[in-house]
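**Q** First the structure, which I've put down as structure tokens, then a few questions once you've had a look.
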Amino acid sequence: MDHGKTTMSDSLLASSGLLSPSVAGTALALDFMEEEQKRQMTIKAANVSLLHEKSSVPYVINLIDTPGHVDFSGRVTRSLRAIDGAIVVVDAVEEIMVQTETVTRQALEERVRPVLYVNKIDRLIKELKLTSDQIQDKIARIIQDFNGLIELYAEPEFRDKWKVNFATNTVAMGSAKDRWGFTSAIAKNHGVKFSDVVDAYVNGKAEELKDNSPLNEAILDMAVDAMSPPHIAQRYRIPKIWKGDVNSEFGQAMVNCDDNGPIVMCVTNIVVDPQAGIVATGRLFSGTIKEGQTVQLIDAKSEARVQQVCIYMGPYREIIGEITAGNIPALLGLEAARAGETLGSSKGISPFEAVHYVTEPVVTIAIEPKFSRDLPRLVDTLKKLSIEDPNLVTTINEETGEYLISGMGTLHLEIATTLITKTGLQITTSQPIVIYRESIRKPVGPFEGKSPNRHNRIQMMVEPLPPEILDMIRTGQIGEYMDRHALARILRDKGWDADEARGVWSIDEGSNMLIDVIKGAQYVQEAKDMIISGYRWSLGEGPLAYEHIRGLKVKLVDISLHEDPIHRGPAQMMPMMRRAFFAGFLSADPCLLEPVQKITAKTPPDLLGAVTSVITQKRGKVISVDQKGHLVYVVGELPTAETFDLSETLRSATAGRAFWGLEFSHWAPVPMSMFMQVIQDIRKRKGLPLEPSKVEDFIDKT
């Protein structure tokens with residue numbers, strides 16, 4: 001966050017004639033929202049197409065400027081699906097921050113090649129008064145730490161060849177504000193040395209650096225040299241992000257980035273334009289999209305006519321009529337499209353792998369209009385916001401009638417409410433509330449559930465999902481739309497029983513699995529969809545506090561169904577499933593999970609005690625402490641519930657001399673000393689009886 005990504009983008013726009021050089025570095029042209037300019041931070045991802053010439057060869061470079069704050073990391077995740085390379089910008093003073101690690105990990109999971117730009121070299125000279133040798137030592141440490149992330153997160157086949165090195169022109173350094181920068185090749189060609197940079201700032205001649213080593217040349221040359229063009233990158237990216245048959249017509253067209261192949265596009269961003277309606281932007285992996293064509297929306301199971309084909313140039317849409325594979329079109333006319341949608345020229349294409357976010361909505365607020373007459377407008381505004389930002393989850397609390405918005409953090413929700421008020425709506429909001437999850441600690445069963453008419457019964461066992469399977473669901477290695485034969489092979493390799501591995505019915509986003517190991521029962525396939533619906537209904541409202549359930553493996557072991565379909569409809573199947581499920585859940589040592597944040601703090605050595613004290617006082621724990629140069633790096637964990645006043649507390653404790661960042665880490669059980677109190681607080685807020693349900697409430701004794 002605030003490492004200079006948008007400031008760097010200004011220089012790239014100026015070099016292409018899209019921005020006046022006189023304001024580049026201060027205009028923040030891709031932060032075109034009023035709120036972004038006001039807060040001096042990127043909130044939404046903005047894309048632009050640039051023309052760059054290197055060695056007399058012209059290149060089209062599609063650039064997406066993404067947010068740095070962890071609350072908006074969902075936009076980064078979606079943007080990565082559309083690109084093949086990422087320029088990771090690091091502040092030379094603050095070095096590798098927690099969000100740097102997050103973005104690098106996200107890029108590598110999407111097989112997007114990261115390169116490094118070390119920004120704000122001027123701060124090392126003007127603020128820290130470092131010599132040229134000290135600057136080189138600091139940059140060497142940043143490169144080493146960055147390569148450590150690639151070593152940790154990259155797949156084996158990319159681990160070595162994607163590591164960055166100044167000598168291979170995969171590292172650039174400079175000052176985006178002052179608009180200069182260089183790679184090894186540029187330094188050699190222009191005769192630039194570190195001592196020249198130090199002298200330029202000491203003697204007030206920084207302007208000369210911009211003329212001799214323009215930043216745009218360093219960044220765009222590095223992109224051309226290090227990043228594969230679409231027809232190369234798609235060969236290794238498609239097998240990772242698309243689980244269809246690579247040898248099929250669709251697969252081969254995407255692997256070869258074939259302009260003449262069938263249309264295959266992944267929608268990565270939605271803008272709700274007041275005049276034009278839904279604008280769907282994303283990566284066209286195959287084919288040529290033309291105005292007037294009809295395309296299939298695979299996830300929405302519908303078709304639509306493309307009314308307009310455009311490209312984005314920052315805030316502006318330029319109509320171009322048609323666009324070929326490898327580019328990022330913006331399409332009008334696809335009203336049912338949402339982020340993650342797969343577009344195709346026919347219905348037979350497999351959808352893209354779902355985008356997997358590094359964090360989840362963990363904070364919520366209640367919102368209502370100040371005047372009841374504005375309720376329809378509020379509902380419409382919330383709908384538009386959630387379409388544009390899938391990480392902003394809006395729900396209605398049936399018990400209280402409240403409208404709830406859940407987001408990645410307090411800043412995420414603050415921006416959302418600001419955007420609502422800018423429409424002219426007057427609203428009132430509650431204080432932020434932490435979202436919890438319900439889970440279990442031990443296996444139990446079987447437990448039986450009977451339908452209300454007593455004509456059907458089901459038996460199931462429940463147990464915690466192994467951590468490695470939970471992690472595979474989180475990272476997208478296994479998922480709901482995966483080929484079931486491939487899934488069975490993976491689960492058998494993990495030691496699962498063959499019947500269980502073959503019998504997976506459902507893998508939901510909350511990381512639960514429903515498995516059928518029933519043998520010899522009749523009418524199971526006819527009732528399957530209703531049973532799954534009852535299971536998902538149960539997951540959405542756990543028996544402890546009506547929070548979502550997470551991390552369960554539910555096995556159906558026996559079932560007896562009435563021969564007449566009229567006696568086994570949804571009104572019978574769903575309650576039957578829910579009763580058995582809740583009886584098992586409440587018998588399996590249930591627990592409440594709270595979201596835990598990873599904190600990375602950098603502080604002068606004399607303030608180490610103050611930082612660790614704040615962490616431990618907030619129910620946190622310190623994971624590691626390392627000395628790097630003139631700063632101490634502290635890594636720890638904090639419950640999200642304890643982070644709402646963290647900024648004020650840390651600033652007060654360190655006199656503003658510590659840097660820190662937060663990111664979602666994992667879910668962890670609420671301490672037993674707080675367990676019942678937290679449950680009762682949640683139930684009270686939701687208008688429920690204070691005491692949670694008991695096992696006996698779901699066991700049929702007749």
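Readers should treat all values here as calculations from the given coordinates under stated rules, not as data from a laboratory. Small disclaimer: the values here were computed from a predicted structure and weren't measured. Cβ atoms come from the backbone with ideal geometry, glycine included; neighbour counts cover every protein chain shown.
**Q** Testing the spin-label approximation: label points 7 Å from Cα along Cα→Cβ at Ala140 and Gln275. State their distance in nm.
**A** The two pseudo-label positions are separated by 5.7 nm.
**Q** Between Asn260 and Ala668, what is the spin-label point distance in nm, taking each point 7 Å from the Cα along the Cα→C-beta axis?
**A** The two pseudo-label positions are separated by 5.9 nm.
**Q** Mind checking the full-extension length gain between Leu128 and Gln252? Use 0.36 nm per residue of separation minus the Cα-Cα distance, one decimal, nm.
**A** Result for the pair: 39.3 nm of gain on full extension.
**Q** Given labels modelled 7 Å from the Cα in the Cβ direction, how far is it in nm from His485 to Lys684?
**A** With each label point 7 Å from Cα toward Cβ, the separation is 5.7 nm.
**Q** For a protection proxy built on the mean count of beta-carbon atoms within 10 angstrom, sort 521-530, 114-123, 496-505, 590-599 highest first, please.
**A** Put in order of decreasing packing, that is 114-123, 590-599, 496-505, 521-530.
**Q** Past the 19 Å Cα-Cα mark, which pairs from Lys129/Lys193; Lys161/Lys188; Lys138/Lys628; Lys54/Lys120; Lys383/Lys684?
**A** Distance filter (> 19 Å) returns Lys161/Lys188; Lys54/Lys120; Lys383/Lys684.
**Q** Given contacts defined as C-alpha pairs under 8 Å and at least six residues apart, what's the relative contact order of segment 232-344, whole-number percent?
**A** 28
**Q** Something else about it: How much length is gained on full extension from Ser693 to Asp564, taking 0.36 nm per residue of separation minus their Cα-Cα distance?
**A** 43.1 nm
**Q** If you take Cα extents along the principal axes in Å from the coordinates, which of [x] 91, 63, 58; [y] 85, 76, 62; [z] 89, 79, 59 do you get?
**A** Looking at Cα extents along the principal axes in Å for this model, the match is [x].
**Q** Let me check I've understood the local charge: for Ile566, count other residues with C-beta under 15 angstrom from its C-beta, Lys and Arg +1, Asp and Glu -1. What total comes out?
**A** Value of the local net charge: -1.
**Q** Counting Lys +1, Arg +1, Asp -1, Glu -1, what net charge surrounds Ala658 among other residues with beta carbon under 10 Å of its beta carbon?
**A** Value of the local net charge: +3.
**Q** Still on this structure, please answer the following. With runs of 4+ DSSP H residues as the only contributors, calculate the mean residue ellipticity of the chain at 222 nm using -39,500 (n - 2.57) per run, divided by the residue total and rounded to the nearest 500.
**A** -10000 deg cm²/dmol, from helical runs alone.
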